[in-house]
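Student: Before we start, here is the structure in question, set down as structure tokens.
The values are calculated or read from the model by the stated rules, or taken from the named source; none is laboratory data. Fair warning: this is a prediction, and the values are worked out from it, not measured in the lab. Backbone-built Cβ (ideal geometry, glycine too); neighbour counts: all protein chains shown. Each accessible area value is taken on the protein alone, full model and side chains, heavy atoms only, with ligands, DNA and RNA left out. Shrake-Rupley method; radii C 1.70, N 1.55, O 1.52, S 1.80 Å.
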Amino acid sequence: DTSFMHSFGLTKNYIILIQCPMNYHFNKFVLAKSVVDTITWDDKKNVKFHILSRQTGELIRTVEDPSGAWFVYHIMNAWEDPATGDIGLDFSRYHNDSLITQGMFLENLVDMPELYTPTYGQAMLTRCTVSPQGPVTPPSCKQVTGETFEMATFNWQQSHMKQMRFTYGASFRDANTPWNPTGTSDFIDSIIKVDIEQGGVV
């Protein structure tokens, strides 16, 4: 078995892999009608941050998040704090794997947005800090804003591998979801700018 992984964090000295409990089972590929049939989600397993040396590829350490299972699709940026040596990561965090295993089916995107919108709507911009040295401690994570946030972009030339303040992401004006059934947005229809330091949309 192997874990689904779509993106990774990169700093001057490290590669950071976030391992979520979404796994492919290769023995199921023989009879599977689609790739999704080979995937399982284990909400009893914690997420793990694997920190590797960018110079050697060696695994330096694995840091487990005791808060439980969650999913990440896109890691936006990573950097090293010059004062502490800790690694910071910004990414969109999901409660589960439903974006992949349900939401992004073509028929849902085109004809059944009520099955797609809730899966994308759970994406929240999150900032985590992990330490590559010293005692192994759990990651410190915080949700930056309560607005849906995915497909992030920022000033790459100025801020890649550096702690940044502003970023843009795809969102909804008014997502139609089970928790907001009168919402008017059936698809991504908004770009928002987020102030990560202040924790809000600007």
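Student: Just to check your reading of the model, which residue among Asp81, Asp43, Asp86 is open to solvent by 30 Å² or more (accessible area, probe 1.4 Å), at pLDDT below 95 and of a type outside the set (A, V, I, L, M, F, W, C)?
Tutor: Asp43
Student: Can you name every residue in segment 131-152 that is open to solvent by 50 Å² or more (accessible area, probe 1.4 Å), among the polar types (S, T, N, Q) and not in a loop (DSSP other than H, G, I, E, B)?
Tutor: Ser140, Gln143
Student: Which of (1) within 18 Å of Ser140 (Cβ to Cβ); (2) open to solvent by less than 20 Å² (accessible area, probe 1.4 Å); (3) modelled with pLDDT of 95 or more does Tyr94 not meet, given it meets every other one?
Tutor: Only one criterion in (1) within 18 Å of Ser140 (Cβ to Cβ); (2) open to solvent by less than 20 Å² (accessible area, probe 1.4 Å); (3) modelled with pLDDT of 95 or more is unmet by Tyr94, namely (1).
Student: Any chance segment 164-173 includes a residue that's surrounded by 20 or more Cβ atoms within 10 Å (Cβ to Cβ) and without any contact (Cβ under 8 Å) to a residue 60 or more places away in the chain?
Tutor: Yes, segment 164-173 has at least one match.
Student: Could you identify the single residue in Phe26, Phe8 that is open to solvent by 50 Å² or more (accessible area, probe 1.4 Å), more than 30 Å from His160 (Cα to Cα) and among the aromatic types (Phe, Trp, Tyr)?
Tutor: Only one candidate qualifies: Phe26.
Student: Only residues in segment 115-126 that are over 12 Å from Val194 (Cβ atoms) count as the first member; pair them with residues that are among the β-branched types (Val, Ile, Thr), Cβ under 6 angstrom, at least 6 apart or cross-chain, and list the lot.
Tutor: If the second residue must be among the β-branched types (Val, Ile, Thr), the pairs left are Thr117/Thr177; Pro118/Thr177; Gly121/Thr148; Gly121/Thr177; Ala123/Thr148.
Student: Can you confirm whether Gln122 is closer than 26 Å to Glu64 by Cα and out of contact with any helix residue (DSSP H, G or I) (no Cβ under 7 Å at 6 or more places or on another chain)?
Tutor: For Gln122, the condition - closer than 26 Å to Glu64 by Cα and out of contact with any helix residue (DSSP H, G or I) (no Cβ under 7 Å at 6 or more places or on another chain) - is met.
Student: A follow-up question, please. Please find, within segment 54-71, the residue that is nearest to the chain's Cα centre (by Cα) out of those that are open to solvent by less than 20 Å² (accessible area, probe 1.4 Å) and without any contact (Cβ under 8 Å) to a residue 60 or more places away in the chain.
Tutor: Checked segment 54-71; the qualifying residue nearest to the chain's Cα centre (by Cα) is Phe71.
Student: Another question, then. Consider Ile191 against the criteria (1) in a strand (DSSP E or B); (2) under 19 Å from Val72 (Cα atoms): it satisfies all of them except one. Which criterion is unmet?
Tutor: So the condition that Ile191 fails would be (2).
Student: What do you reckon, is Asn180 within 28 Å of Tyr14 (Cα to Cα), open to solvent by less than 90 Å² (accessible area, probe 1.4 Å), out of contact with any helix residue (DSSP H, G or I) (no Cβ under 6 Å at 6 or more places or on another chain) and without any contact (Cβ under 8 Å) to a residue 12 or more places away in the chain?
Tutor: Spelling it out, it is not the case that Asn180 is within 28 Å of Tyr14 (Cα to Cα), open to solvent by less than 90 Å² (accessible area, probe 1.4 Å), out of contact with any helix residue (DSSP H, G or I) (no Cβ under 6 Å at 6 or more places or on another chain) and without any contact (Cβ under 8 Å) to a residue 12 or more places away in the chain.
Student: If I filter segment 174-188 for residues that are farther than 29 Å from Gln19 by Cβ and in contact with a Lys or Arg (Cβ under 6 Å, 6 or more places away or on another chain), do I get at least one hit?
Tutor: Yes; the residues of segment 174-188 include at least one that is farther than 29 Å from Gln19 by Cβ and in contact with a Lys or Arg (Cβ under 6 Å, 6 or more places away or on another chain).
Student: In addition: Kindly indicate the residue of segment 11-20 that is hydrophobic (A, V, I, L, M, F, W, C) and surrounded by fewer than 21 Cβ atoms within 10 Å (Cβ to Cβ) and also nearest to the chain's Cα centre (by Cα) among those meeting that condition.
Tutor: Restricting to residues being hydrophobic (A, V, I, L, M, F, W, C) and surrounded by fewer than 21 Cβ atoms within 10 Å (Cβ to Cβ), the top hit is Leu17.
Student: For segment 110-123, give me each residue that is open to solvent by 20 Å² or more (accessible area, probe 1.4 Å) and not in a helix (DSSP H, G or I).
Tutor: Within segment 110-123, just Met112 meets the criteria.
Student: Now a separate question. Among the listed residues Asn96, Asn27, Asn108, which satisfies the condition of being out of contact with any Phe, Trp or Tyr (no Cβ under 7 Å at 6 or more places or on another chain) and either under 30 Å from Asn176 (Cβ atoms) or of a type outside the set (Gly, Ala, Ser) (or both)?
Tutor: Going through Asn96, Asn27, Asn108 in turn, just one is out of contact with any Phe, Trp or Tyr (no Cβ under 7 Å at 6 or more places or on another chain) and either under 30 Å from Asn176 (Cβ atoms) or of a type outside the set (Gly, Ala, Ser) (or both): Asn27.
Student: Hey, any hits in segment 100-109 for a residue that's open to solvent by less than 50 Å² (accessible area, probe 1.4 Å) and in a strand (DSSP E or B)?
Tutor: Checked against the condition, which is being open to solvent by less than 50 Å² (accessible area, probe 1.4 Å) and in a strand (DSSP E or B), segment 100-109 yields no hits at all.
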